[in-house]
Structures are given as C-alpha cells and as structure tokens.
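The values are calculated or read from the model by the stated rules, or taken from the named source; none is laboratory data. Keep in mind that this is a model prediction, so the values were computed, not measured. Backbone-built Cβ (ideal geometry, glycine too); neighbour counts: all protein chains shown. The area values use the complete protein model at the heavy-atom level, side chains included, leaving out ligands, DNA and RNA. Shrake-Rupley method; radii C 1.70, N 1.55, O 1.52, S 1.80 Å.
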Amino acid sequence: MGSKYTRGCCGWLIVALIAALVATAAMFAIMKRKPGGRGRHMKPLPVPGPPGAIDSKYGDALGVALQFFQVQKAGKLENNQIPWRGDSALTDGKEAELDLSKGMYDAGDHMKFTFPMAFTATVLAWSVLEYGDQMSAAKQLDPALDALKWITDFLIAAHPSDNVLYIQVGDPDLDHNCWERPETMTEKRPLTQINKKSPGSDVAAEAAAAMAAASMVFKSSDTTYSDVLLQHAQKLFTFADTYRGLSSESYPKLQDFYNSTGYVDELLWAASWLYHATGDQTYLSYVTVQNGKTYAEWGRPTWFSWDDKNPGTQVLLSRLNFFGSKQISNAENEGLKSYRDTAEAVICGLIPDSPQATASRTGGGLIWISGWNSLQHATNSAFLALVYSDYMLSTRTAEVQCSGKYYSPTDIRNFAASQANYILGDNPMKLSYLVGYGSNYPQQVHHRGASIPADAKTGCKGFEYLHSPNPNPNVAMGALVGGPFQNDTFVDSRDNAVQTESSTYNSGTLVGLLSGLVTTSSVAQSFT
C-alpha cells in the first residue's frame, strides 16, 4: 500500500515537473517572439538560402519605384517606357565641348546637381550589390542596372580631366523661374565645375564613391566599363583629398540648394567603397588608422542622407567586421569595430521599443526628422537597418544589445518593413506615398513634366499648370513624394512642394529597401 502510494506521488511530481517545464518553455518562446527581452540572450537564426518566394506587395512596389528613374532621365532616351517623356537637354555640355546630356533631373525641376545624383548612384549600386539576386528573382534587376548606368555615363563625361568635375548643369534661378516640360526647355544651361582653385571635396568624393561602387556592379558583365569607372573613382578621390574644400564655399549660390555641411564624411565614404572595389589596404588604413578617430564621429549616431554619409559608412564597414579578413591588421580591426559599434547605436535608435529609441517619429510610427522631404530619413534609415540585419543573419549573429535589451535580426527587419509599409499605405491617411502604387496615391505631384500635357505649348511660363486644382495629366510613376507632416497628415497640392515634390535620390534607398524585403536571401561575403 505504501509503495503504491509512493509510486503515485512520484508520478504526480513528474507530471507537475513536466508541466512546469512546458510552461517555462512556452513563456520563453513568447518572450523570444517579443523584441527586446531584458537580460537574456537569443539563439542565432538559420542562414537564409537562395532567394525564395516573392512577396508580391514589395515586388509590385519595386517595379513601380524603378520607373521613376525613367521619368527623370535626360538626354536621348532609349527604349523609352514613359509615354509622356521624350528627348531633352541634348545640348547640355556643349559650351565645354562635352556631352553632358545624360544623367537625371534632380526633382520636380530640370536641374542636374552632381552631388545628389552621385549619391543616388552610390546607394543604387549598393542596393544591387547587396540585393541583386532578389532584384533578379523579382525580374527588376535590368531596370536597376539601366538607371545606374545612365547616371555613371554622365559622371564619366562630367570628369574630363583628373582635377576637373562638372557639378551642375543649368542655372537654378532661371530654371525655377520657368514651369515647362524638359523637352521644350529654351533657357540657357550654364555649367559649373570644381577644380584645383575652386575645390569641392564633397561632390568629388561622392562621385568617387558612386563610380567605385558601380565598378563592382558592372565587373562581371562589362569589364572594360568597370575598369573605366574604377580609374575615374581613384582619380576623383585623389582630387577630393588633395584639394580640399566645400563646393558651397567655392560657389556660395549652392548654399540655397545642396549645402553640404562638411566633406570629411564623403572622403571616408569614398575610401570605404574604394577599399571594397580594389582591396588596396591604403584605403582601409585611411578610414581606420589614419582618419577614423578624427573624422568618423565614432559613438555619435547621426542620420544618413545626401549630406551625411557617416551612418552609411558605419554600416558598410561593419560588413568587414562581420565577415572578417586575414589581411586586416589589429589596428584596422579596432577601427572597424568602432564603426560597427556606432552602426549598432544607429540601429538601437531606430527600433521602436529600444531604450535608445529616437522620439523623432510620427504617431503612425514613421521616422520623422524634418518637414521638407520627410520620407528621406525614414527610407534611408530603414535601408540601413535592413542591410545590417542581413549581415547579422548571414553570419549567424544572434542579437544586438541596446542598453541591456536584446534584439534579433528579425526585430530589426520588422522595423525596416514598418517604414516600407507606412510608405505603401499602412498609415493614418491610408495613402500610398509611392505614386502609381495602389489605388490611392498623390495626384498633384510637384513635377513640371507630370503636370503639363505633352502637347501643351507653354513656353517658359506654364504656371497655370502649377496652380491648377486638377490632377496631373501625366502620372510620375514611382515618385516618392516628400511625405507627411509630423502629425501624419498630407495635403495633396502641387503648390505644397514641401510635401508633394519627389526627388531622385530618395528612390535609390527605396529601391534597396524594397529589394531587401521582396524575399529573403543571405548576402555575399564579398562584393568582388
């Protein structure tokens, strides 16, 4: 009797113990699904395989977004897919006996600013290097390569000699005093150049970064073109580093448009891309041992933009720290670790429930830093976060720590997706800020070509189309408009350029963001 009771008691104890273990495991699983569990570590996630199933939402959006580069093209168009666009700016560069007809218009106007255009090329090339397989799976790689080459063709033409780079085509005052289609422009298109006496290290270094990154994109398909790009990149970097100065100090008028706040971030950015493209340790030493402590602002996270390249450099150089290299010295590795630590601080500022999370957001969850072109920071931040999360996944790095809380690559990816989803319509306005995507998107984009019928004879003064209350007669497919105010509201009016003007440089990171979300795949250990 006693032995039977004892066996029964032990049985119940075993059952109770198993139940407790199951409950604990369930609680742990729930905690694991919730981001930021305090004081606990996470297990590494599996490394993704080749691109899998396509997420149709992001795939469709990517196809739309890439069309904006076609909308913005200058020059003699090839295989034109935009029915209301035609050849334009065919004589750009003629006064210097150059062909500067290619490139892309900056925003809703007809200016060619080399600085933001080169930034567009750099991030577009980066997007292809990281997510080319995903683009290919979504059948969108060719449009991305076409857009990139249209810009790099311009950059090659704009760099006719070692220490000369044309940084602007057109006069902003003349251009902004007109409202006309680019195909019918008649105003003068003067050229602005930087050189030894009028330096512009910011623009020259950004162009170097773009050409170095693009050289890797085209290396497998066109070795000759790739080599030309790399030669230009190296010469432009030497020019930028040797003859230092801001383009907006050489040409004060630029301060009203793209007023770079410094050039050392572009020098580090360019050298980082040149190291990836060449493997030359000189460039790695430049960004780590020689100039890291002085210029890189380690430990001080900032916002990635056409002006501030530091966060981009921090994430890009984190790649080297993640994947490693036997050729990197201890001193260089220390510098790379500082870049990665700062990149993690950037990431910790973005995850919504992180102790370090920025309060600069709308009620709808969008990163919001400034009223003008508000979506640029959300898009740029989400792109960097997605790239960083994929570095983690591909190296089985389980977590980042943000002041004692831990976040997985999935948590970081979820933040990136939240910004993309907001842009595509998951927002309080239920509005897609990507023109042409979905059924409800802005109808009055602040864009000259889109606002004027293709057969209209306006001359320079077609301002009745700017102020018209009617929808644009032409759809600026793929335009990412400026975006909402901080209270998540949006006023769809062409006269409201703050919110309705689109810019080419926003599209580079948007394409990268959508390409990374369209499916999952491990990233390559090396770009070359």
- Which residues, counting only those in region 152-202, are at pLDDT 95 or above, closer than 30 Å to F463 by Cβ and among the β-branched types (V, I, T)? I167, V169, T184, T192
- Query: So which residues in region 40-76 are over 28 Å from Q401 (Cβ atoms), open to solvent by less than 30 Å² (accessible area, probe 1.4 Å) and either among the β-branched types (V, I, T) or part of a loop (DSSP other than H, G, I, E, B) (or both), if there are any at all?
  - Reply: V64, V71, A74
- Of all the residues that make up region 428-448, how many are in contact with a strand residue (DSSP E or B) (Cβ under 9 Å, 6 or more places away or on another chain) and either touching a residue at least 40 places away in the same chain (Cβ under 8 Å) or farther than 17 Å from Y58 by Cβ (or both)? 4
- Task: Determine which single condition N330 fails, assuming it passes every other condition in (1) of a type outside the set (K, R); (2) within 19 Å of the chain's Cα centre (by Cα); (3) open to solvent by 20 Å² or more (accessible area, probe 1.4 Å).
- Result: (2)
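Here's the yes/no breakdown for (1) within 21 Å of the chain's Cα centre (by Cα); (2) among the hydrophobic types (A, V, I, L, M, F, W, C); (3) more than 30 Å from T395 (Cβ to Cβ):
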position	(1), (2), (3)
P44	no, no, no
V47	no, yes, no
V64	yes, yes, yes
Q72	yes, no, yes
E78	no, no, yes
I82	no, yes, yes
T91	no, no, yes
- Item | Search result, residues across region 77-125 that are in a loop (DSSP other than H, G, I, E, B), among the small types (G, A, S) and under 11 Å from V169 (Cβ atoms) | A89, G93, S101, G103
- Sole residue being of a type in the set (A, V, I, L, M, F, W, C), open to solvent by 10 Å² or more (accessible area, probe 1.4 Å), touching a helix residue (DSSP H, G or I) at 6+ places or on another chain (Cβ under 8 Å) and on the phi < 0 side of the Ramachandran plot, chosen from L393, L431: L393
- Query: Has region 358-375 got at least one residue that is in contact with a helix residue (DSSP H, G or I) (Cβ under 6 Å, 6 or more places away or on another chain), open to solvent by less than 10 Å² (accessible area, probe 1.4 Å), touching a residue at least 24 places away in the same chain (Cβ under 8 Å) and not in a helix (DSSP H, G or I)?
  - Reply: yes
- Query: Hey, among the residues in region 220-242 that are in a loop (DSSP other than H, G, I, E, B) and among the polar types (S, T, N, Q), which one's nearest to V287 (Cα to Cα)?
  - Reply: S220
- Of all residues in region 201-242, how many are touching a Ser or Thr at 6+ places or on another chain (Cβ under 6 Å) and surrounded by 24 or more Cβ atoms within 10 Å (Cβ to Cβ)? 9
- Enumerated helices (runs of 4 or more DSSP H) restricted to region 381-495, each holding at least 1 residues that are within 30 Å of A343 (Cβ to Cβ): 409-423
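Within region 339-355, how many residues turn out to be in contact with a Leu (Cβ under 9 Å, 6 or more places away or on another chain) and more than 23 Å from L424 (Cβ to Cβ)?
Within region 339-355, the subset in contact with a Leu (Cβ under 9 Å, 6 or more places away or on another chain) is 339-340, 343, 346-347, 350.
Among the residues that remain, those that are also more than 23 Å from L424 (Cβ to Cβ) are: 339-340, 343, 346.
Here the count works out to 4.
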- Item | Residue pairs meeting the criteria (Cβ under 9 Å; at least 6 apart or on separate chains; first of a type in the set (S, T, Y), in region 76-102; second in a helix (DSSP H, G or I) and surrounded by 21 or more Cβ atoms within 10 Å (Cβ to Cβ)) | S88/G449; S101/F154
- Query: Can you tell me which residue in region 243-257 is most open to solvent (accessible area, probe 1.4 Å), limited to those that are in a helix (DSSP H, G or I) and in contact (Cβ under 8 Å) with a residue 60 or more places away in the chain?
  - Reply: D256
- Message: Quick check on region 142-200: of everything there that is of a type in the set (S, T, Y) and not in a strand (DSSP E or B), which residue is surrounded by the most Cβ atoms within 10 Å (Cβ to Cβ)?
- Response: T152
